[in-house]
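All remarks here apply to the structure that follows.
The values are calculated or read from the model by the stated rules, or taken from the named source; none is laboratory data. What you are looking at is a predicted structure, and each value in this text was computed from that prediction instead of being measured. Positions of Cβ are generated from backbone atoms using ideal geometry, with glycine treated the same way; all protein chains shown enter the neighbour counts. These accessible areas exclude ligands, DNA and RNA; they are computed on the full protein's heavy atoms, side chains included. Shrake-Rupley method; radii C 1.70, N 1.55, O 1.52, S 1.80 Å.
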Amino acid sequence: MQNKIGSQAFVNKTLNENNLHAKKKFGQNFLTDQNILNQIVEASDLDRDTAVIEIGPGLGSLTERLCENAGFVLAYEIDTQLIPILHKNLARFTNYEVVNEDILKVDINKDISEKLGKFKKIHLVANLPYYITTPIILNLLSQTKKIQKYIMMMQLEVCDRICGKPKTKDYNALSVVIQYRAMAKKVCKVPRSVFIPQPNVDSAVVKLQLYEVAKYKAKDEQFFFEFIRECFTQRRKTLINNLSNKYDKNKVLQILKEINLNPAIRSEELTIEQFIYIADRLK
Ligand code: SAM
């Protein structure tokens, strides 16, 4: 039991036997806690009719659990050295494929059609490499509508931003852009001590459930997302000061008046509906 995939003993032994060190440049922090693995799997709502896309399978700790519980696992791993180790650790399964590619360079819709065509339910499950958490999520959300749920381990601070509500310190552009498309919920907090090597920050698991029927609809989504970035350029500034670099100040003031907002309001006080109203009117 001590050497079960995902235990401390297993991770240390596998790295030693293969003369490997966790690579910082790939954000490698291997999970060693069975209880956290269980919580991730439970939050992932898996069954044999569901395919999983995993990013960064590493040594296969989470992948093993996903193969046990899902119909198929399509895993993207950038580190070529880990590929033979993964195949060895997953030898008892036939319902997986490891693709040795950078997830940021993948044509995900093409891969889903070609490799997961028979699955209607597709969930993304990952212990993400922290150095590219935000680009991975934003890329996938903008590229594809075929993934219904995202269950992801990430830095606690990023999780709090993603789940942030208006009028709190955590609410920022990332909260708005993600909550525009999905219901975001923190599943659990994860202490740094359960990883090898131990990162400098604590982590958390986030669950995003995409709206089947859009909850919010901006007239021009590209314009809306750019507008949101402008709104939060400088946190200390008022909304109007952030926006007046790019948009006509008087027009913004007039729009704020239309929805009874104080001209000195800060971006973190606005709801998603209010942002959409302003963006639509500016467009
Ligand atoms: N899933 C394993 C676990 O939980 O122990 C490893 C998680 S580790 C935090 C992140 C993994 O993502 C590593 O295996 C790393 O090599 C991989 N990775 C890093 N950048 C990647 C990228 N751009 N595309 C695909 N995989 C990547």
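Answer yes or no: is there a residue in the range 126-135 that is surrounded by 16 or more Cβ atoms within 10 Å (Cβ to Cβ), at pLDDT 95 or above and away from the ligand (no atom under 15 Å from the Cβ). Taking every residue of the range 126-135 in turn, none turns out to be surrounded by 16 or more Cβ atoms within 10 Å (Cβ to Cβ), at pLDDT 95 or above and away from the ligand (no atom under 15 Å from the Cβ).
Kindly evaluate Leu174 against the criterion of being assigned to a strand (DSSP E or B) and either under 12 Å from the mean Cα position of the chain (by Cα) or over 26 Å from Arg229 (Cβ atoms) (or both). Let's see the steps before the verdict.
Values: assigned to a strand (DSSP E or B): no; either under 12 Å from the mean Cα position of the chain (by Cα) or over 26 Å from Arg229 (Cβ atoms) (or both): yes.
When the stated conditions are applied, Leu174 does not pass them.
Taking every residue in the range 40-57 that is farther than 17 Å from Gly6 by Cβ and pairing it with any residue that is at pLDDT below 95 and assigned to a loop (DSSP other than H, G, I, E, B), at least 6 positions away or on another chain, the pairs with Cβ-Cβ distances below 8 Å are Asp49/Lys120. Here the range 57-77 is the region considered, the condition is being within 6 Å of the ligand (Cβ to nearest atom) and of a type outside the set (A, V, I, L, M), and the residue that is farthest from the chain's Cα centre (by Cα) is Ser61. Scanning the range 161-171 for residues that are in contact (Cβ under 8 Å) with a residue 40 or more places away in the chain and buried (at least 18 other Cβ atoms within 10 Å of the Cβ) gives Ile162, Cys163, Tyr171. Search the range 105-125 for residues being in a helix (DSSP H, G or I) and without any contact (Cβ under 8 Å) to a residue 12 or more places away in the chain, and hand back the single one that is most open to solvent (accessible area, probe 1.4 Å). Ranking the candidates gives Lys105 first. Among the residues of the range 212-244, just one is touching a helix residue (DSSP H, G or I) at 6+ places or on another chain (Cβ under 7 Å), farther than 20 Å from Ile137 by Cβ and open to solvent by 100 Å² or more (accessible area, probe 1.4 Å), namely Lys219.
Yes/no per residue for (1) over 21 Å from the mean Cα position of the chain (by Cα); (2) surrounded by 17 or more Cβ atoms within 10 Å (Cβ to Cβ); (3) not in a loop (DSSP other than H, G, I, E, B):
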position	(1), (2), (3)
Lys13	yes, no, yes
Asn16	yes, no, yes
His21	yes, no, no
Gln28	no, yes, no
Arg48	yes, no, no
Glu54	no, yes, yes
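The residues of the range 190-211 that are out of contact with any helix residue (DSSP H, G or I) (no Cβ under 8 Å at 6 or more places or on another chain) and of a type in the set (Ser, Thr, Tyr), listed by number, are Ser193, Tyr211. Look at (1) open to solvent by less than 60 Å² (accessible area, probe 1.4 Å); (2) touching a residue at least 40 places away in the same chain (Cβ under 8 Å); (3) within 30 Å of Gln34 (Cα to Cα) and you find that Gln209 fails only one, number (1).
Of all residues in the range 80-104, those that are closer than 13 Å to Glu68 by Cβ have Cβ atoms under 7 Å from Cβ atoms of residues that are among the hydroxyl-bearing types (Ser, Thr, Tyr), 6 or more apart or on another chain, in Leu90/Thr63; Leu90/Tyr96; Tyr96/Thr63. When restricted to residues that are under 16 Å from Gln274 (Cβ atoms) and not in a helix (DSSP H, G or I), the range 213-252 contains 8. Applying the criterion of being farther than 19 Å from Phe195 by Cα and β-branched (Val, Ile, Thr) to the residues of the range 61-78, the residue that is surrounded by the fewest Cβ atoms within 10 Å (Cβ to Cβ) is Ile78. Can we say Ile255 is modelled with pLDDT of 95 or more, in a helix (DSSP H, G or I) and touching a strand residue (DSSP E or B) at 6+ places or on another chain (Cβ under 7 Å)? Considered against the rule, which asks whether it is modelled with pLDDT of 95 or more, in a helix (DSSP H, G or I) and touching a strand residue (DSSP E or B) at 6+ places or on another chain (Cβ under 7 Å), Ile255 comes out as no.
Being open to solvent by 50 Å² or more (accessible area, probe 1.4 Å), more than 9 Å from the ligand (Cβ to nearest atom) and within 19 Å of the chain's Cα centre (by Cα) is the requirement here; does Glu42 meet it? Answer is yes for this residue. Residues of the range 84-104 that are surrounded by fewer than 16 Cβ atoms within 10 Å (Cβ to Cβ) and part of a helix (DSSP H, G or I): Pro84, His87, Lys88, Leu104.
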